[in-house]
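Just below is one structure, and these are the notes that go with it.
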Amino acid sequence: MSTTLEALQAEVLRLSPSDRARLLIRLIASLDVDAQAEAAWDAVADEREGQLQTGEAQTVSLDVAMARLGNAFPRMKVKLYPGAFGLSWRLPPKSQRYMPWASGV
């Protein structure tokens, strides 16, 4: 690691957790440079918003959505945790996950 990068890292680690989280979001967003992909996702989001507004699609509660995900992926136990940005999810430790793709199955 270059000394400039090490100095920057040290300075970032001195920030408060909330400032580091905001910085992280901005850094991740700066990596999204595929304009075509962003435009495609914007179109999907606009279409879905329109479907909600016209009643063509209905919302479901978080509990229902999580139950559906749990039924669809019974071995992948995902838990929700309150976090700085609302609810976040966390996977169990690797030793407790069922991931056939990871074992080559």
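Values in this text are rule-based calculations from the coordinates and carry no lab data. Predicted, not measured: the structure shown is a model, and the values here were computed from it. Positions of Cβ are generated from backbone atoms using ideal geometry, with glycine treated the same way; all protein chains shown enter the neighbour counts.
Simple spin-label estimate for Ile28 and Thr59 gives 2.2 nm between the two label positions (7 Å along the Cα-to-Cβ direction from each Cα).
When you count, for each residue, the other Cβ atoms within 10 Å and take the mean per peptide, how do 17-27, 2-12 rank with the highest first?
On the way: 17-27: 11.3, 2-12: 9.5.
Ranked by mean Cβ neighbours within 10 Å, highest first: 17-27, 2-12.
With each label point set 7 Å from Cα along the Cα-Cβ vector, what nm distance links Glu38 and Phe73? Rounded to a tenth, the inter-label distance reads 2.6 nm. In a fully extended conformation the segment linking Gln51 and Ser2 would gain 12.6 nm over its present Cα-Cα distance, using 0.36 nm per residue. For region 40-77, the set of GluC sites (Glu not before Pro) satisfying both a DSSP loop assignment and a count of at most 15 other C-beta atoms within 10 Å is given as Glu56.
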